[in-house]
């Protein structure tokens, strides 16, 4: 590296800092660290080597402190070809790391925000999107199934994740995440951006339908009306961006019964029975509302269940009446239970013999018309005739309840805690119950193999 011109070096550093958007001090540090690595083999005490670049003149000074504590100058101009090549490699590497860190800090501060870019190229089913100063990865699983793109098309998406990957920063773009819809509401509905209206929950089947639950913190502002806008202008902008994906705006309510009723709209609901122990709701709808409550390909009830975090069973009024009549007929087989008392038992929440056995005499005595003698007769009969509960055929079921690891339910409006990502390809952690079953199976296998004859044991091990 002969004839190092300090003025040209400073100009070179300023050019790199400007082009790569890196702080000049970082570039100076990179030169100093690279020079130390390049000079290590030319000095007796590498740990005592110090290189300094003058920030104004660009002059490079290198000094070595030997084992006796003496400080001597090291001539930078006499570096050989190998040392110069080492310097170049280290310098380029340090600048790339600085560029990566700078890019990571910039985009990690904008996670879950909307960005737009141009499709630059395809990598199999995935796209690479040019954001201007960075490239974003648009994987197949984050693309809406009903959408397709060509190179050169402009696309808007959510910055789902930003992470360091080797010498690069991997930016993940998504159009399927529910937060993408939420951010579109922030842009299109001022009341949402100003937090006058809060989006409590969003569920999607990307490209087909979304349900958005909203609540207003101002009594003068109607949450649903504000999101729709005058003649639907606000919601139309969001639907256009989502390529005509249907959006149902639901009025939020803390009551699970009211929330489920709102979530199943536009279908009318006749009655709802909630089982808080299993987080299961039986929804009775008029016969002519069954197909509307289910929705096309089951989307309406499926999204409603996920929005409310309840498992939903939909039955018609006719199915409910038939099930009730069969249950009442079974109750009337109990001695001393007439039609009126059977109705009273049913209205008190008992719909099977198992319910009666589980409740016990104290709960039975609270039923109108039941005294001690009748309660004893009922308990004796159900113990002698443990008949299963009457069932409703052709129930439309949708899963929605979610349990946490501690076996409590995730409440409506909340999301389950995101699990930390393990090493790529690592199997998911087993629960205590699964682990116990695995250990029991291993113990059984070991005991079984130990009882085999030697030749059979060898054949079993090969398998």
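Computed from the coordinates by the stated procedures, all read-outs in this text should not be read as laboratory data. All values reported here derive from a predicted model rather than from experimental measurement. Glycine gets a Cβ as well: all are built from the backbone with ideal geometry, and neighbour counts include every protein chain shown.
Above 17 Å lies some portion of the pair distances; for the stretch 141-200, what is it as a whole percent of all C-alpha pairs?
Result: 55 percent of Cα pairs exceed 17 Å.
Any idea how far the Cα center of the stretch 252-277 sits from the one of the stretch 200-229, in Å?
The stretch 252-277 and the stretch 200-229 have Cα centres spaced 17 Å from each other.
So for the stretch 225-325, averaging the separation of alpha carbon pairs under 8 Å that are six or more residues apart and normalising by length, what relative contact order in percent results?
RCO, the stretch 225-325: 21 percent.
Given contacts defined as C-alpha pairs under 8 Å and at least six residues apart, what's the relative contact order of the chain, whole-number percent?
After rounding, I find 8 percent.
Sequence gap at least 6, Cα distance under 8 Å: using those rules, report the relative contact order of the stretch 250-403 to the nearest whole percent.
Once normalised by length, the contact order is 25 percent.
For the chain, what does the helix formula give at 222 nm: sum of -39500 (n - 2.57) over DSSP H segments with n ≥ 4, over the residue count, nearest 500 deg cm²/dmol?
-12500 deg cm²/dmol, from helical runs alone.
Kirkwood Rh, the stretch 110-174, all Cα pairs: how many Å?
11.8 Å is the Kirkwood radius here.
Take the alpha carbon atoms of the chain, find their radius of gyration, then divide it by 2.2 N^0.38 Å using N residues; give the quotient.
Relative to the 2.2 N^0.38 Å estimate, the chain comes out at 1.55.
If you build the Cα gyration tensor of the stretch 183-249 and take the root of 5 times each eigenvalue, what three semi-axes come out, in whole angstrom, biggest first?
In descending order the semi-axes read 19, 13, 10 Å.
Hey, fewest Cβ within 10 Å first, where do 107, 127 land in order?
The fewest-first ordering by Cβ neighbours comes to 107, 127.
Which percent, to the nearest 5, of DSSP beta bridges fully inside the chain are antiparallel?
That works out to approximately 75 percent antiparallel.
Calculate, in nm to one decimal, what residue 217 and residue 276 gain on full extension: separation in residues at 0.36 nm each, minus their alpha carbon distance.
The residue 217-residue 276 span can extend by a further 18.4 nm.
Grab the Cα-Cα distance for residue 140 and residue 11, subtract it from 0.36 nm times how many residues apart they are, and report the gain in nm with one decimal.
Contour length minus the Cα-Cα distance gives 42.0 nm.
For 346, 180, which order do you get if you count the other beta carbons within 10 Å of each Cβ and list the fewest first?
So the ranking, lowest neighbour count to highest, is 346, 180.
Report the gain in length on full extension from residue 187 to residue 97: 0.36 nm times residue separation, minus Cα-Cα distance, nm rounded to one decimal.
Between residue 187 and residue 97, full extension yields an extra 28.9 nm.
Using the number of other C-beta atoms within 10 angstrom as an exposure proxy, rank 345, 364 with the fewest first.
364, 345
Determine the shape class of the stretch 6-107: with a ≥ b ≥ c the square roots of the Cα gyration tensor eigenvalues, call it rounded for a/c under 1.5, and otherwise prolate if a/b is greater than b/c, oblate otherwise.
prolate
So if R0 is 56 Å, what FRET efficiency would residue 19 and residue 244 give, r being the distance between their Cβ atoms, rounded to the nearest 0.05?
0.85
Evaluate E = 1/(1 + (r/R0)^6) for residue 354 and residue 123, where r is the Cβ-Cβ distance and R0 equals 51 Å; express this FRET efficiency to the nearest 0.05.
Computed FRET efficiency for residue 354 and residue 123 comes out at 0.35.
For the stretch 334-384, max minus min Cα coordinate along each principal axis, in Å, sorted largest first?
For the stretch 334-384, the Cα spread along each principal axis is 23, 19, 17 Å.
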